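A short write-up of the structure that comes next.
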């Protein structure tokens, strides 16, 4: 996968919801600590006095020792060291998610009247109850996220426009604002209807709950060269042949 000129490699695929949640949290802790260690190293270089440098060095050594101990456990669980990826560009790409919405007991009673309702669609999350709106997988996820972001942006725009309408006393300005409100409202209705029909969402209060995901890490220049060489050797093709295949595939798409 290529993003912003960087090539990302799939390090890990996680198909269990609990494991994905734990991995996300464990990785966050390791990344935050790795950046603290880097920050301490920078402060050591900038230290003005010997005593300040000594104190920062001891603090960095303590953080580094703790990081290495955690990283040993991390490697046993996930089969790679966080040290290899913590300060490199990386991201988790959800490949399956639940769309949930908080509901009251009264709303649950209403939902149960739906002939397609299943009791397994009600989830307990802490002190709240959630109803499953939809399960979204694969390439539909980024499309849904963009659509939701558009709707949320339009909702925020409406709030600002209505506030501006109330605050102005200029008839001409008020008229222009009202026209803009009509346009945004119509567009918002269209987008909201599309999301409702496509994903079964009937509420603005949506919670995305990841179920499965892939962990991607940006390759270094050396790693990318090795990866391309291994692919070429495995396929028995030369770089020129690979380039020719790519150009042929592109021509077919065009």
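Structural remarks
- Relative contact order %, the chain, counting alpha carbon pairs below 8 Å whose residues are six or more apart: 31 percent
- Mean ellipticity per residue at 222 nm, deg cm²/dmol - from DSSP H runs of n ≥ 4 across the chain, formula -39500 (n - 2.57): -21000 deg cm²/dmol
- Helix 17-46 axis, angle to the chain major axis (alpha carbon atoms, nearest 10°): 60 degrees
- P(r), alpha carbons of the chain - 10 Å bins starting at zero, rounded %: 6, 17, 21, 21, 20, 12, 3, 0
- Extension gain, residue 137-residue 79: 0.36 nm per intervening residue step, less the Cα-Cα distance, totals 18.3 nm.
- Between the beta carbons of residue 120 and residue 43, assuming R0 = 45 Å, the FRET efficiency works out to 0.30 to the nearest 0.05.
- Computed across segment 1-55, the Kirkwood hydrodynamic radius from all distinct Cα-Cα pairs reaches 14.6 Å.
- Helix axis angle, 239-253 relative to the chain longest principal axis, alpha carbon, degrees: 10 degrees
- Rounded tilt (10° steps) of 171-199 against the dominant C-alpha axis of the chain: 70 degrees
- Applying 1/(1 + (r/R0)^6) with R0 = 25 Å to the Cβ-Cβ distance of residue 111 and residue 17 gives a FRET efficiency near 0.65.
- Sites residue 221 and residue 35 - FRET efficiency at Förster radius 22 Å, r taken between beta-carbons, to 0.05: 0.45
- Pair-distance distribution of segment 92-211: all C-alpha pairs, bin width 10 Å, starting at 0; shares per bin in whole percent are 12, 34, 28, 17, 8, 1.
- Segment 148-194: proportion of alpha-carbon pairs further apart than 15 angstrom, %: 42 percent
- Within segment 71-160, the percentage of alpha carbon pairs spaced more than 22 angstrom apart rounds to 58%.
Laboratory data are not the source of any read-out in this text; all were calculated from the coordinates shown. Worth saying up front: this structure is predicted, and the values here are computed from it rather than measured. When we count neighbours, we look across all protein chains shown, and the Cβ atoms used for this are built from the backbone with ideal geometry, even at glycine.
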